[in-house]
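Here is the structure we will look at, set down as structure tokens.
The values are calculated or read from the model by the stated rules, or taken from the named source; none is laboratory data. In this text the structure is predicted, and so the values were computed from the model without any measurement. Cβ coordinates were reconstructed from backbone atoms using ideal geometry, including for glycine residues, and neighbour counts include every protein chain displayed. Quick note on the areas: whole protein, heavy atoms, side chains included, nothing else; ligands and nucleic acids left out. Shrake-Rupley method; radii C 1.70, N 1.55, O 1.52, S 1.80 Å.
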Amino acid sequence: MVDSVYRTRSLGVGAQGIPDQYADGKAAKVWELYVGSKSERTEVYKSWICNLLKTKNCKTILDVACGTGVDSLMMVEEGYTVTSCDASDKMLKYALKERWTRRKEEAFDKWVIEEANWLTLVEDLEDVDHSGFDAVMCLGNSFPHLPDFEGNLMNQKISMKNFQEMVKPGGIMMIDHRNYDAILDKGNVPQGKNIYYKGSCTKDIKTSLVYVNGRPHMVTLDYTIDIDKAKKTLESEGHSFPKHMGNEPYSNFRLSYYPHRLNAFSELLKEAFGPDCKYSVYGDFKPLGEVETPAYYIHIVEKPPLKA
């Protein structure tokens, strides 16, 4: 994708304030083709998350990066009490539709879905019980969507502090990001199987790097989805192909991210949760070092319990 003026997001997405990169609706429409069927997570992803929540005795979950609802849906189906939020109404409408479709199931009737911005999370969720959640999750490389306009990570620090406030004492925060160390060092996304979803319709992901005053400022990914393959896959599973996808053989959308290096992101988390927090990090859901070049880093931080 070549532009005479370099664009950080798909056409039609506003550039004022904290941008909703899904505002044009294009990425939201294609996203489920990228991730694959809602019911088909990779087993390592599903079992790893559920085992962690069980080990930590978690019952209530706040998904602060709900998107179309793929992660929240899995948690609801596993029997957790889930509250989900996202800043993109274009993405949330798919989660709301899923809840409405399955509203006669008690777990889905109790599934709370709200529109909320990370910078004003506590205020936006004022009707939610602020005694805290057993677990707060921000997965799918969502946090790097937050830009660093000022160059001091102020938005990131505010958001992390708000996440921390939503976690019960003794509760956990799960948050991930792509391996931006590898992307910045090598100039492209680490190749390999998607560790989260079984979507097999991604034809290509092109990587662009933006530097400001010699410092990495933005990573832009151009996704190309094979629509013909997606159609055949859906039909083979007994699903109808969405009419809004049209008849083009491929669909393209662009998303931009702030490139967090692993060590810097670890320090950002520890600063928000305090020196007494318990912290660990995994590469592609395995202990750090087992995977030579992981595609994703998953951070787990445990909020200190209240002192007696």
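Data table
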| read-out | value |
| --- | --- |
| Vicinal HN-Hα couplings computed from phi for the stretch 165-175 (Karplus, 6.51 cos²θ - 1.76 cosθ + 1.60; Hz; Gly/Pro x) | 5, 8, 8, 5, x, x, x, 10, 10, 10, 8 |
| Stretchable slack from Lys97 to Ala308, in nm (0.36 nm times residue separation minus alpha-carbon distance) | 71.5 nm |
| Surface accessible to a 1.4 Å probe, Lys270 within the full protein complex, Å² | 80 |
| Cα gyration tensor shape for the stretch 41-84, rounded if a/c is under 1.5, else prolate or oblate | oblate |
| Within the accessible area of the stretch 58-207 (1.4 Å probe), percent carbon and sulfur | 46 |
| 15 Å beta-carbon shell around Leu269, net charge (K/R +1, D/E -1) | 0 |
| Inter-label distance for Glu126 and Lys286, nm, one decimal - labels placed 7 Å from Cα along Cα-to-Cβ | 4.9 |
| Under 9 Å, Cβ to Cβ, from Lys56 - net charge with Lys/Arg +1 and Asp/Glu -1 | -1 |
| Sequence of Tyr45, Tyr282 from largest to smallest accessible area, 1.4 Å probe | Tyr282, Tyr45 |
| Order of exposure, largest accessible area first, which applies to Met218, Met137 with probe 1.4 Å | Met218, Met137 |
| For the stretch 69-198: accessible area per residue (Å², 1.4 Å) | 44 |
| Over 19 Å between alpha carbons, listed pairs Lys46/Lys203; Lys59/Lys307; Lys93/Lys161; Lys270/Lys303; Lys46/Lys278 | Lys46/Lys203; Lys59/Lys307; Lys93/Lys161; Lys46/Lys278 |
| Which of Lys59, Lys206, Lys104, Lys168 is most accessible, then next, and so on - probe 1.4 Å | Lys104, Lys59, Lys206, Lys168 |
| Counted charge near Arg215, where neighbours are those whose Cβ lies closer than 15 Å (Asp, Glu -1; Lys, Arg +1) | -3 |
| Efficiency of FRET from Cβ geometry, Thr207 and Lys56, R₀ 41 Å, rounded to 0.05 | 0.70 |
| Cα gyration tensor shape of the stretch 46-136, rounded if a/c is under 1.5, else prolate or oblate by comparing a/b with b/c | oblate |
